[in-house]
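The values are calculated or read from the model by the stated rules, or taken from the named source; none is laboratory data. This is a predicted model, so every value here is computed, not measured. Neighbour counts run over all protein chains shown; Cβ positions are idealised from the backbone, glycine included.
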Amino acid sequence: MFKYHKIGLLVFVIFLFLVSLIFQACQKEEENVILTPGGRVALPSELSAGNSTIFSSTSKAFDTPANWVTGSLMDLFLKGDALYDNPRVSGENTTSGGLGPVYAGYSCASCHNDAGRTRSTLFTAGGSGPYGFSSFLTFIRTPNDQNFRQYGRVLHDQAVYGSKPEGKLRVTYTEKEYSFPDGEKYSLITPHYEIYDWYADSIPLDQIELSVRVPLRHVGMGLMMALDQNEILRLATIQYPEYGISGKVNWVPERNKKYLGLSGHKAQHADLTVELGFSSDLGVTNDRFPHEVAEGQSQVNGNYGIQATTKEMAAVDFYMHALGVPARRAVTNPVVQKGEELFYQAKCNLCHTPTLHTKAGGVQLIDGTNVPWLGSQVIHPYSDYLLHDMGPELGDDYSQFNATGDEWRTTPLWGAGLQEIVNGHSNFLHDGRARNFVEAIMWHGGEGDVSRQKFSKMTKEERETLIMFLRSL
């Protein structure tokens, strides 16, 4: 009897031990559970950005804080959001002053409406818009890579009252029709640019290196800055000679050091360029760029001092780091799943890398504040953040550091499927010339040609299925 009692006791102890293990496992799993607004547990394939994933497919899908933004962090987020959104004005107003005297936009949001891509006046007005912003930047320089005497790195096509814009941009498009092998037609438009109404020196276009670029989506920018850079460097060592693909890093020299470039169309920036954007695009002086953007022009009268403090710039930097990334949608839809298979078959994944990781510890803001919530995350940006030669058809002859004129950073695809909902248009590529996903793919040359060819040879149904997958991102 005693023997059976000992066996029963042993079984009971083992049972308690197993229950404890299961409970601990559940606790550990519970720490990583993310609930959707409907109360269900999110599927792993929906979690675009780890704990920065948000579940929104509305017009605010790019402009919603991550769930870890609470309490005092929310106060900082809202402060940065207001500085990002609110229009600047000319003069010495302490809260919104400093615009101009020449500028490209009157706020960050004028070009990045709802943290997305404002529809450019390239398409609505044929070039520079008349109402204070155009939602594109025109980079100009001499053929030997120097700024022109009367102009800076960007041609500012807007000005405050009493001042004159540096110049205006006009664009016309040539449209050409093509056919897929199965007979379905599509067309591509090629832009042709002209600068007119110069502020001072009228410079012939053949004496200008010019690059016109529309805004990028500000989706996942903080996670981009928190990337494990060793992983990016490893990706740069992987080559696919059978497809002519070999990504490379753009090394950016700043403050007597070299940094791995991640931000910008050509990965030409090592940070989110908050201070540079306020200075160069808005004409707002700050501690890093204390001089007026048009300094040296006769229409610059006086010096208003620092118009945006480092603390304010750090608030905007935090806002951009803390934006949530919309979850993937329709991940269980068989058509979307088939589209993902076709995405891989077309070798799109060789540059648009689906999965990356952020480094432990997170990342620091421009004022040194640490943001640990961005660390140690598994993310799905669909980009290797490397430079790839996309061929002369997309080239602009405007090199930046290691990036040649034909090379562009792989654009992250997360959020691309919601761009039309957020910003009301589906223009893609660096200058917005692609009017939809199909055109964007068919503009891929150089290292992207393998994907263009494979996509072209698919059936119409397969092409539409692959596009369905892109819309789910």
Quick one: which of 149, 213, 170, 153 is surrounded by fewer than 18 Cβ atoms within 10 Å (Cβ to Cβ) and modelled with pLDDT of 95 or more?
-> 170
So is residue 226 within 19 Å of residue 385 (Cβ to Cβ), crowded, with 22+ Cβ neighbours inside 10 Å and touching a residue at least 12 places away in the same chain (Cβ under 8 Å) or not?
-> yes
Go through (1) free of Cβ contacts under 8 Å to residues at least 40 places away in the same chain; (2) over 24 Å from residue 182 (Cβ atoms); (3) not aromatic (Phe, Trp, Tyr); (4) not in a helix (DSSP H, G or I) one by one and return the number of the condition residue 425 breaks.
-> (1)
Residue 214 being assigned by TED's automatic domain parsing to the domain that holds residue 61 and either under 28 Å from residue 444 (Cβ atoms) or among the hydroxyl-bearing types (Ser, Thr, Tyr) (or both) = yes
Mind checking which residues of region 76-128 are aliphatic (A, V, I, L, M) and either surrounded by 18 or more Cβ atoms within 10 Å (Cβ to Cβ) or outside the structural domain of residue 158 (by TED's automatic domain parsing) (or both)?
-> 76, 83, 99, 102, 104, 109, 115, 122
Tell me which residues, restricted to region 48-93, are over 16 Å from residue 115 (Cα atoms) and touching a Lys or Arg at 6+ places or on another chain (Cβ under 8 Å).
-> 48
Considering only residues of region 428-465 that are outside any loop (DSSP other than H, G, I, E, B) and polar (S, T, N, Q), which is farthest from residue 242 (Cα to Cα)?
-> 465
Mind listing whichever residues of region 111-134 are within 20 Å of the chain's Cα centre (by Cα) and at pLDDT below 95?
-> 133, 134
Can you tell me which residue among 145, 182 is of a type outside the set (A, V, I, L, M, F, W, C), within 28 Å of residue 452 (Cα to Cα) and not in a strand (DSSP E or B)?
-> 182
The one condition in (1) farther than 20 Å from residue 365 by Cβ; (2) at pLDDT 85 or above; (3) hydrophobic (A, V, I, L, M, F, W, C); (4) in a helix (DSSP H, G or I) that residue 17 fails to fulfil = (2)
Assuming residue 193 fulfils every condition listed in (1) out of contact with any Leu (no Cβ under 9 Å at 6 or more places or on another chain); (2) assigned to a strand (DSSP E or B) apart from one, which condition is it?
-> (1)
Residue 441 being crowded, with 19+ Cβ neighbours inside 10 Å and either under 30 Å from residue 74 (Cα atoms) or at pLDDT below 95 (or both) = no
In region 73-106, anything among the small types (Gly, Ala, Ser) and not in a helix (DSSP H, G or I) is listed as 90, 91, 96, 97, 98, 100, 104, 105
Output the residues belonging to region 40-66 that are small (Gly, Ala, Ser) and touching a His at 6+ places or on another chain (Cβ under 7 Å).
-> 48
Which residues, counting only those in region 352-377, are in contact (Cβ under 8 Å) with a residue 40 or more places away in the chain, over 18 Å from the mean Cα position of the chain (by Cα) and closer than 30 Å to residue 469 by Cβ?
-> 359, 373, 375, 377
A careful count of residues in region 361-387 that are in a strand (DSSP E or B) and surrounded by fewer than 23 Cβ atoms within 10 Å (Cβ to Cβ) gives 5
Could you give me the residue pairs with C-beta distances under 7 Å whose first residue belongs to region 250-264 and is modelled with pLDDT of 95 or more, whose second residue is part of a loop (DSSP other than H, G, I, E, B) and of a type in the set (Ser, Thr, Tyr) wherever it lies, and which are 6+ apart or on separate chains?
-> 262/385; 263/273
Flag for residue 391 being at positive phi, in contact (Cβ under 8 Å) with a residue 40 or more places away in the chain and surrounded by 20 or more Cβ atoms within 10 Å (Cβ to Cβ) = no
Scan region 281-321 for residues that are of a type in the set (Gly, Ala, Ser), assigned to a helix (DSSP H, G or I) and either at pLDDT below 95 or within 16 Å of residue 86 (Cβ to Cβ) (or both) and jot them down.
-> 315
